[in-house]
Amino acid sequence: MRATDEGGADLVQLLTPEGERVQHPDFDIDISAEELRGLYRDMVLVRRVDREANALQRKGQLGIWVPLLGQEAAQIGSGRALRPEDMAFPSYREHGVAWCRGVLPTELLGIFRGTDHGTWDPVERRFHPYTIVIGNQVLNAAGYAMGQKFDGKVGDDDGEATIVYFGDGATSQGDVHEGFVWAAVYDAPLVFFCQNNQWAISEPTERQSRLPLYQRARGYGFPGIRVDGNDVLATLAVTRWALEQCRQGNGPVLIEAFTYRMDAHTTSDDPSRYRLSDELELWKLKDPIERVKVHLVKQQWADQEFFESIEREADAIAVELREFCVTMPDPPAGRIFSEVYAGGNPALEAQRDEFLSYHAGFAGGEH
């Protein structure tokens with residue numbers, strides 16, 4: 001029942017784990033040295049942010065963290081395929097997509113420190129707030145994409161599209177099924193981007209599906225495709241194609257990015273209790289960043305100074321992230337009641353006043 005470690009015969013791949021460039025008859029892509037260096041920089045910096053935030057949680061500065069280690073290519077490749085007018089709906093692990101949409105790493109920290117729900121403007125950044133409820137963002141995205149269709153924003157080269165991210169575990173949730181149904185019925189311009197990292201917390205993929213996840217799309221009447229999620233070039237090419245299909249009014253597309261979660265599901269998880277170290281070691285050989293670095297060196301598109309400059313930039317971002325986190329002020333007590341409704345709401349205001357009165361009865365409660 002389980003697909004091979006390589007993802008099967010239908011896997012779209014343009015850059016092998018050894019850094020060799022290969023061709024694909026349907027999903028090839030022209031990439032310049034500058035563009036590939038940019039993708040490499042994105043992945044390195046996002047990984048460093050992830051590792052720093054993971055360490056901050058271990059030091060008690062964050063309540064929890066959701067690592068993306070190993071999934072950088074899936075997120076950067078798909079994120080860089082988006083146009084400014086497109087909309088993205090994340091789950092809670094899409095730190096790389098957030099980076100691509102201009103959301104600063106520091107803007108993510110409040111979610112995991114418990115001080116806010118995300119401080120960016122989702123309309124301005126075209127990046128929805130993180131969704132914690134498994135699969136719920138798929139319904140939100142389906143509704144948004146249906147709105148794009150109703151508003152006549154699809155059907156030509158200037159059309160809009162939406163992408164929604166979820167994991168292999170979410171495909172067992174009813175919200176994902178409903179999102180598939182609605183998007184298919186209304187030909188919504190929606191790319192379903194499933195990051196199959198092999199483990200739904202402690203449950204492997206074969207415990208959830210009898211067939212590869214991308215093949216599920218056939219039952220809903222739209223295309224499904226499996227891409228090497230550790231190959232940033234293949235992910236970029238496939239996602240560009242899928243978004244263009246949506247913009248032209250051809251309805252939804254399911255992408256299964258076949259990748260691997262190199263770290264725990266969250267910092268509250270211990271993956272050593274349910275998976276073998278041999279499996280982890282095997283996937284280390286398919287590291288998404290290393291294969292790009294090898295290719296850059298082979299093509300003589302980057303030298304040692306380039307790689308060192310990226311490391312220095314990563315170090316600076318790590319310092320900024322640490323300093324921001326440890327000096328982050330506690331929000332005022334009334335913050336949880338603000339920005340819930342666009343206008344006034346008497347019931348909410350009464351709850352706020354009652355809570356603040358109660359809170360003020362404690363030492364320092366006025367803050």
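Read-outs: derived from the displayed coordinates by stated rules, not from any lab. Predicted model, so just to flag it, every value in this text is computed and none were measured. Here Cβ is always computed from backbone atoms with ideal geometry, including for glycine, and neighbour counts include all displayed protein chains.
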For a quick check: sort Phe180, Phe166, Phe362 by the number of other beta carbons within 10 angstrom, fewest at the front.
Phe362, Phe180, Phe166
Of Ile134, Ile64, Ile336, which has the largest mean-square fluctuation in a 10 Å C-alpha GNM of the chain?
Ile336
Report the per residue volume, in Å³, of the convex hull enclosing the C-alpha atoms of the stretch 1-85.
185
Using a 10 Å Cβ count of at most 11 others and DSSP loop calls, identify the longest part of the chain lacking such GluC sites (Glu not before Pro).
1-338
Of all DSSP beta bridges in the chain, what percent run antiparallel (nearest 5)?
10
Estimated [θ] at 222 nm from DSSP helical runs (n ≥ 4, -39500 (n - 2.57)) normalised by residues in the chain, nearest 500:
-13000 deg cm²/dmol
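On full extension of the chain, what length is gained from Asp156 through Ser309, given 0.36 nm per residue of separation minus the C-alpha to C-alpha distance?
Length gained, Asp156 through Ser309: 51.0 nm.
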Taking amide H positions as placed in the peptide plane 1.01 Å from N, state which residues far from Leu62 in sequence (5 or more) or on other chains have amide H under 5 Å from it.
Gln57
At most 14 other Cβ within 10 Å, DSSP loop - trypsin sites (Lys or Arg not before Pro), the stretch 174-266
Arg210
Scalar couplings 3J(HN,Hα) for the stretch 123-133 by Karplus 6.51 cos²θ - 1.76 cosθ + 1.60 (θ = phi - 60°), nearest whole Hz, x for Gly and Pro, are 6, 5, 7, 6, 8, 5, x, 4, 10, 8, 5
Quick one: check the C-alpha center-to-center distance for the stretch 211-231 versus the stretch 288-367, whole angstrom.
34
[x] 21.1, 74; [y] 19.5, 66; [z] 21.2, 70: which one is Rg and Dmax of the Cα atoms in Å as calculated from this entry?
[z]
Using a Förster radius of 41 Å, what is the FRET efficiency between Gln215 and Glu290 based on their Cβ-Cβ separation? Nearest 0.05, please.
0.85
Are there trypsin sites (Lys or Arg not before Pro) in the stretch 1-77 that DSSP puts in a loop and that have at most 16 other Cβ atoms within 10 Å, and which ones?
Arg2, Lys59
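Starting from 0.36 nm per residue, how many nanometres of slack lie between Ser172 and Arg207 once their C-alpha separation is accounted for?
On the way: separation 35, 0.36 × 35 = 12.60 nm, distance 1.02 nm.
11.6 nm is the gain from fully extending Ser172 to Arg207.
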With 0.36 nm assigned to each residue of separation and the Cα-Cα distance removed, Ala9 to Ala347 gains 115.9 nm
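Computed FRET efficiency, Cβ-Cβ of Phe355 and His117, R0 22 Å: what is it to the nearest 0.05?
0.80
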